[in-house]
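Q: Let me begin by handing over the structure; questions about it come next.
The values are calculated or read from the model by the stated rules, or taken from the named source; none is laboratory data. On a predicted model such as this, the values are computed, not experimentally measured, just so you know. When we count neighbours, we look across all protein chains shown, and the Cβ atoms used for this are built from the backbone with ideal geometry, even at glycine.
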Amino acid sequence: QDGFMLSNINISALNRGEILAVLGPVGSGKSTLIEGILGEISSSSKTAIVQNGKVGYVSQIPFILNSSIRENILFGLQYDEKRYKEVIDACCLQPDIDNFDAGDLTEIGERGVTLSGGQKQRVSLARAVYSKPSLLLCDDPLSALDANTAKTIFESLFKPSLSPFDKNNSSMHLLASSAIVLVTHASQFLNRVDNIMVLVEGRPSFLGTWDDLKSFECKDELTMRSIESLRTAVQETSETVKNDASASSSLHYIDNQSSDRLVLSEREASSRRNTDIANGDLMTIEAREHGQVTFKTWLLWFQYAGGVLFLIIQTVAVSADRFAFVLIDWWLAQWTKAHDGPITVLGKEFPSQEVGRSGQYQYLAVWAIVYLFAIVLMAVRTLWAVYGGARCSRKLFSLMLSGVLKAPMFYFETTPLGRILNRFTYDVEILDFTLIENMVEAMMSLAWFITSVSVMCSILPMIGAVIVPVTVMYFVLSNH
């Protein structure tokens, strides 16, 4: 309740084809008003927001898709060639599009990185106009445009007309059926809108026409300071626009008279920035390897996990672990043989099972010691593998981070941010967990295979003649 609040605002009298300009000092609630109409902020129970028809919105910070210019303007709507061209012309985008090799099918990258601020603002405005909104909400859409471009777009889209459906003015016809709420600091256009609302600290201090504003007087000092600043800004801006127009005419005259002089426009600068973009494809295709993991990849993993030292320790730990579990089975076999009489192991005699519990305890003690030893070895080889995997993951993460930080700006223009984030999140998670788990299982499976084959061959040497061709056949079939 102690936060900023808009109050006593009523714009229900705004009709289609009319423009309501919303002005005020910084922090007066202009953008908040737009968000309130959109329902993006909380409102009191006494607030009534009724929207009839489609609502278009042009934000102060343009929203740009990682797609082509055309897709950014259509925004999922069906392509209407006639209206599309009218919108392009009205928003002064055609000269910019002509400078792209692939025209409006050119990809413009993440957040429109290949476009200037003014171009992004005009694309956002064109999207809203193309959607044929009943109510168009514009949050300072002319702020990123130069004076001449802003004047052209305002006259094409926002300037009121005595005959909105005049066929000779197709660009004006685009917004003839739309009610427009225009938040703007472009004070030079105030005398050309239908109504003006001046917000001061969240309250409408004035609502009327430009003629009413010129003669408006009140006792509130803050309101009068805001209105006086608007009057002064309109006068100063009008003089500036006249001077800019005169200077622009002079520049064109110089350009026509001398081929040695170059007047660099925003479109030409954009063209130079996009000379490397061909066929409209800006985003690079992600390179992926398919099929079986190469031996080089395994070597790289072991190298970053600790190199030769890691491999030696892991091999010893896995071998000792497998030996311990084989020793458990062997001891159980010896324990079973003691049923017929005492046995001798490593020079020590163990009693027959017929002796009773005292003899059983000796066998059980050896079994428990060997089993505990196997558990310790299993923990050692697992922890060492996890340590190596974490070390490999940390190394790869550092290399990836260093590569991204040192990458040229063109890399970020041609690589979607989602792809980069995916590498640093999901892929790192795979390195930290899934890959380590799979590596441990792979090493244990290999150890089990070698141990099993060794035991079988020691018991029945002839089985080796069968195992070798079966193993070769298995690898051949797995590769196909």
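Q: Inspect all residues belonging to the stretch 339-354 and state whether any of them is assigned to a helix (DSSP H, G or I), surrounded by fewer than 12 Cβ atoms within 10 Å (Cβ to Cβ) and among the basic types (Lys, Arg). Show your work before the answer.
A: Going residue by residue through the stretch 339-354, those that are assigned to a helix (DSSP H, G or I) are 353-354.
So of that shortlist, the ones also surrounded by fewer than 12 Cβ atoms within 10 Å (Cβ to Cβ) come out as 354.
Among the residues that remain, those that are also among the basic types (Lys, Arg) are: none.
No: zero hits.
Q: Same structure, new question: Regarding the stretch 425-434, can at least one residue be identified that is of a type in the set (Phe, Trp, Tyr) and under 30 Å from ILE312 (Cβ atoms)?
A: Yes, the stretch 425-434 has at least one match.
Q: So ARG83 fits all but one of (1) within 22 Å of VAL193 (Cα to Cα); (2) of a type outside the set (Asp, Glu); (3) assigned to a helix (DSSP H, G or I); what number is the exception?
A: Of everything listed in (1) within 22 Å of VAL193 (Cα to Cα); (2) of a type outside the set (Asp, Glu); (3) assigned to a helix (DSSP H, G or I), ARG83 misses just condition (1).
Q: Please tell me if PRO416 is in contact with an Asp or Glu (Cβ under 8 Å, 6 or more places away or on another chain) and either in the same structural domain as ILE312 (by TED's automatic domain parsing) or modelled with pLDDT of 80 or more (or both).
A: Criteria met by PRO416.
Q: Out of the residues in the stretch 213-228 that are closer than 17 Å to VAL26 by Cα and touching a residue at least 12 places away in the same chain (Cβ under 8 Å), state the one that is surrounded by the most Cβ atoms within 10 Å (Cβ to Cβ).
A: Ranking the qualifying residues of the stretch 213-228, first place goes to ILE227.
Q: Condition check: assigned by TED's automatic domain parsing to the domain that holds GLU86 and either part of a helix (DSSP H, G or I) or at pLDDT 80 or above (or both). Does SER205 satisfy that?
A: It is true that SER205 is assigned by TED's automatic domain parsing to the domain that holds GLU86 and either part of a helix (DSSP H, G or I) or at pLDDT 80 or above (or both).
Q: Still on this structure: Of everything in the stretch 133-152, what is surrounded by fewer than 18 Cβ atoms within 10 Å (Cβ to Cβ) and either part of a loop (DSSP other than H, G, I, E, B) or not assigned by TED's automatic domain parsing to the domain that holds ILE37 (or both)? Give them in sequence order.
A: Scanning the stretch 133-152 gives SER134, SER143, ASP146.
Q: Among ARG111, ARG122, ARG127, which is assigned to a helix (DSSP H, G or I), among the basic types (Lys, Arg) and in contact with a Phe, Trp or Tyr (Cβ under 7 Å, 6 or more places away or on another chain)?
A: After applying the criteria, what remains is ARG127.
Q: Among the residues of the stretch 297-319, which ones are among the aliphatic types (A, V, I, L, M) and surrounded by 19 or more Cβ atoms within 10 Å (Cβ to Cβ)?
A: Listed by number, the residues that qualify are ALA305, ALA317, VAL318.
Q: Something else about it: Among what's in the stretch 383-403 and is surrounded by 14 or more Cβ atoms within 10 Å (Cβ to Cβ) and within 21 Å of the chain's Cα centre (by Cα), pick the residue that is farthest from ILE436 (Cα to Cα).
A: Going through the qualifying residues, I end up with MET400.
Q: Please determine whether any residue of the stretch 424-445 is surrounded by fewer than 16 Cβ atoms within 10 Å (Cβ to Cβ) and either basic (Lys, Arg) or in contact (Cβ under 8 Å) with a residue 40 or more places away in the chain (or both).
A: So far as the stretch 424-445 goes, no, none of its residues is surrounded by fewer than 16 Cβ atoms within 10 Å (Cβ to Cβ) and either basic (Lys, Arg) or in contact (Cβ under 8 Å) with a residue 40 or more places away in the chain (or both).
Q: Among the listed residues ILE64, ILE73, which satisfies the condition of being within 23 Å of PHE158 (Cα to Cα), in the same structural domain as LYS132 (by TED's automatic domain parsing), at pLDDT below 90 and in contact with a helix residue (DSSP H, G or I) (Cβ under 6 Å, 6 or more places away or on another chain)?
A: Among ILE64, ILE73, only ILE64 is within 23 Å of PHE158 (Cα to Cα), in the same structural domain as LYS132 (by TED's automatic domain parsing), at pLDDT below 90 and in contact with a helix residue (DSSP H, G or I) (Cβ under 6 Å, 6 or more places away or on another chain).
Q: Then there is this: If the requirement is being within 22 Å of VAL181 (Cα to Cα), assigned by TED's automatic domain parsing to the domain that holds ASP139 and small (Gly, Ala, Ser), which of these qualifies: GLY112, GLY53, GLY103?
A: GLY53
Q: Follow-up question, since we're still on this one. In the stretch 119-138, is there at least one residue being hydroxyl-bearing (Ser, Thr, Tyr), at pLDDT below 85 and under 31 Å from the mean Cα position of the chain (by Cα)?
A: no
Q: Among the listed residues LYS120, LYS85, identify the single one that is among the basic types (Lys, Arg) and either free of Cβ contacts under 8 Å to residues at least 12 places away in the same chain or not assigned by TED's automatic domain parsing to the domain that holds GLU155 (or both). Spell out how you get there, then give the answer.
A: Values: LYS120 fails: either free of Cβ contacts under 8 Å to residues at least 12 places away in the same chain or not assigned by TED's automatic domain parsing to the domain that holds GLU155 (or both).
Step by step, each of LYS120, LYS85 is checked, and only LYS85 is among the basic types (Lys, Arg) and either free of Cβ contacts under 8 Å to residues at least 12 places away in the same chain or not assigned by TED's automatic domain parsing to the domain that holds GLU155 (or both).
Q: Of a type in the set (Gly, Ala, Ser) and not in a helix (DSSP H, G or I): does that describe ALA407?
A: Values: of a type in the set (Gly, Ala, Ser): yes; not in a helix (DSSP H, G or I): yes.
Answer is yes for this residue.
Q: Another question, if that's okay. Identify, from the list LEU401, LEU377, LEU431, LEU396, the residue that is more than 30 Å from ARG288 (Cβ to Cβ), part of a helix (DSSP H, G or I) and assigned by TED's automatic domain parsing to the domain that holds PHE302.
A: Numbers: LEU401 fails: more than 30 Å from ARG288 (Cβ to Cβ); LEU431 fails: more than 30 Å from ARG288 (Cβ to Cβ); LEU396 fails: more than 30 Å from ARG288 (Cβ to Cβ).
Only one candidate qualifies: LEU377.
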